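**Student:** First the structure, then my questions, so here it is.
The values are calculated or read from the model by the stated rules, or taken from the named source; none is laboratory data. Treat the numbers as computed from the prediction; the structure is a model and nothing was measured. All Cβ positions, even for glycine, are placed from backbone atoms using ideal geometry, and neighbour counts span all protein chains on display. Remember, those area values only see protein heavy atoms, side chains included, never the ligands or the DNA or RNA. Shrake-Rupley method; radii C 1.70, N 1.55, O 1.52, S 1.80 Å.
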Amino acid sequence: MRKPIVGKTLIAIAMLSAASALHAQSTGGERSGKQVVDQVCARCHRAGVDGAPKIGDKEAWAKRSSRGLSSLTKSAINGIRKMPPHGGHPELSDTEIKRAVTYMVNRSGGHWVEPVGAKPAAERSGQAIVKAQCAKCHASGKGGAPKLGDRAAWSERVKPGVDALVRSAINGHGGMPARGGMANLTDVEIRNAVNYMVTTSIAPRKGE
């Protein structure tokens, strides 16, 4: 009676593994200033939406660049006027924001050097992250979090795809804060944790 369920579970695991492999191939570290601006900032700064200084407006950026990179970065991280924190993209690292600010300043008459990111720490495994943080809620199902080992709950959540689960973990969902309340987790580490919880929860059990 349970064979159809196991079959679906195996398919889900296979899809999960394939998605993880594709992600590993496409992940190239932090984005350049141009990439962040093209993907995020240009939506407002290209046309000057809601008073955002237009890219290329030397006068507007001269006033702002006089404050220095640290001050401009702080405004972008915390949000200012109608711009939300991190430009509405909480997955952006502080270094990526600095690079984006530098790129816009340089496209508007400045001559700043694009910041170089610090050497990343060793990547943490999904199991280590789950034990250190995620298990605080997922071990018992606190606040409606799907319990570790609950095949039905995790099989349902993985239906939209692993990317959707990772985005929810990065941005926060329901009672779970952004990045699971562990702000120093990288996007890759969050994916590691999600992969670990999904695979250990829906993998076929012995004898099935």
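**Student:** Share of the stretch 101-208's accessible area from carbon and sulfur, percent, 1.4 Å?
**Tutor:** 56 percent
**Student:** With every protein chain present, what accessible area does residue 136 have (1.4 Å probe, heavy atoms only), rounded to the nearest 10 Å²?
**Tutor:** 130 Å²
**Student:** I need the phi-derived Karplus couplings for the stretch 41-56: 6.51 cos²θ - 1.76 cosθ + 1.60, θ = phi - 60°, integer Hz, Gly and Pro marked x.
**Tutor:** Here the 3J(HN,Hα) series is 5, 4, 4, 10, 7, 6, 10, x, 5, 6, x, 5, x, 6, 5, x Hz.
**Student:** Okay, next question. Whole number in Å², please: accessible area per residue of the stretch 83-208, 1.4 Å probe, ligands, DNA and RNA not counted.
**Tutor:** Here the residues of the stretch 83-208 average 54 Å² of exposed surface.
**Student:** I'd like the distance between the alpha-carbon centres of the stretch 129-208 and the stretch 36-105, rounded to an integer number of Å.
**Tutor:** What the calculation gives is 33 Å, centre to centre.
**Student:** Same structure, new question: Working out 0.36 nm times the residue gap between residue 111 and residue 75, then minus their Cα-Cα distance, what length gain in nm do you get to one decimal?
**Tutor:** Separation in residues times 0.36 nm, less the Cα-Cα distance, equals 10.9 nm.
**Student:** Show the residues, 5+ positions off or on another chain, whose built amide H is closer than 5 Å to the amide H of residue 55.
**Tutor:** Under 5 Å from the amide H of residue 55 lie the amide H atoms of 46, 48, each far enough along the sequence or on another chain.
**Student:** Please list, in order along the stretch 88-95, the HN-Hα scalar couplings obtained from phi with the Karplus expression 6.51 cos²θ - 1.76 cosθ + 1.60 (θ = phi - 60°), rounded to whole Hz, x for Gly and Pro.
**Tutor:** Here the 3J(HN,Hα) series is x, 10, x, 6, 5, 7, 4, 5 Hz.
**Student:** Give me the one-decimal nm value for the distance between modelled label points at residue 133 and residue 151, 7 Å along each residue's Cα-to-Cβ direction.
**Tutor:** So the label points at residue 133 and residue 151 sit 3.0 nm apart.
**Student:** Would you mind giving the average projected area, over all directions, of the Cα convex hull of the stretch 87-208 in nm² with one decimal?
**Tutor:** Answer in nm², one decimal: 9.4.
**Student:** So, in the stretch 64-177, how many Lys pairs have Cα atoms under 20 Å apart, if the pair is 8 or more places apart or on different chains?
**Tutor:** For the stretch 64-177, the number of qualifying lysine pairs is 8.
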